[in-house]
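S.K.: Sharing a structure with you now.
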Amino acid sequence: GIYKTELLQDGINVMWFANRGDEGIVHNKYFKPMPIEVIALTLTAIECCIDEWLQGVKEDIKFTAATYGSIYQTHLSSLQRFDERTAPYKLLERICDNLHDVARYVLL
């Protein structure tokens, strides 16, 4: 599914867990479990990257709240709905734990 894609994990790893001084390592208590806001932001950044190549040639697009704020909110709402609808199975909780654990493991 969309929330278990390798691209999502790679984005989180590169942004917050690539080096020992990165936020995900230094401020681990804020990343365990992985916040849905981080997942939504990463999905939004992925969407920006796709938009940059939409015409087949890379076009620089600024990643700003004005341009991508509504897309971020859509991803955040989708994650919240997914969590509500799968609550008995705790799927999102398990996904968030796994995203964090894999990111931490990659650095070690």
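S.K.: Looking at the range 75-97, can you tell me whether even one residue there is modelled with pLDDT of 95 or more and closer than 15 Å to M15 by Cα? Lay out the reasoning, then the answer.
M.R.: Residues of the range 75-97 that are modelled with pLDDT of 95 or more, as a first pass: 75-97.
Narrowing the set further to residues that are closer than 15 Å to M15 by Cα leaves none.
There is no residue in the range 75-97 that is modelled with pLDDT of 95 or more and closer than 15 Å to M15 by Cα.
S.K.: Here is a follow-up. Condition first: out of contact with any strand residue (DSSP E or B) (no Cβ under 6 Å at 6 or more places or on another chain), farther than 25 Å from L92 by Cα and acidic (D, E). Can you find one or more residues in the range 37-54 that meet it?
M.R.: Yes, the range 37-54 has at least one match.
S.K.: Since L41 meets every condition but one in (1) over 18 Å from V14 (Cα atoms); (2) among the aliphatic types (A, V, I, L, M); (3) open to solvent by 60 Å² or more (accessible area, probe 1.4 Å), which condition does it not meet?
M.R.: (1) is the only condition that L41 fails.
S.K.: For the list (1) open to solvent by less than 60 Å² (accessible area, probe 1.4 Å); (2) modelled with pLDDT of 95 or more, I need the number of the one condition that L54 fails.
M.R.: Failing condition for L54: (1).
S.K.: While we're on this one: Just give me the residues in the range 2-27 being under 25 Å from F82 (Cα atoms) and open to solvent by less than 90 Å² (accessible area, probe 1.4 Å), in sequence order.
M.R.: Y3, T5, L8, Q9, D10, G11, I12, N13, W16, G24
S.K.: Among the numbered criteria (1) assigned to a helix (DSSP H, G or I); (2) open to solvent by 80 Å² or more (accessible area, probe 1.4 Å); (3) in contact with a helix residue (DSSP H, G or I) (Cβ under 8 Å, 6 or more places away or on another chain); (4) closer than 20 Å to L7 by Cβ, which single criterion is violated by T74?
M.R.: (3)
The values are calculated or read from the model by the stated rules, or taken from the named source; none is laboratory data. If you're wondering where the values come from, they're calculated on a predicted model, not measured in any experiment. Virtual Cβ from ideal backbone geometry, glycine too; neighbours counted across all protein chains shown. Ligands, DNA and RNA are stripped out before the accessible areas are found, and what is left, the full protein with its side chains, is counted by its heavy atoms. Shrake-Rupley method; radii C 1.70, N 1.55, O 1.52, S 1.80 Å.
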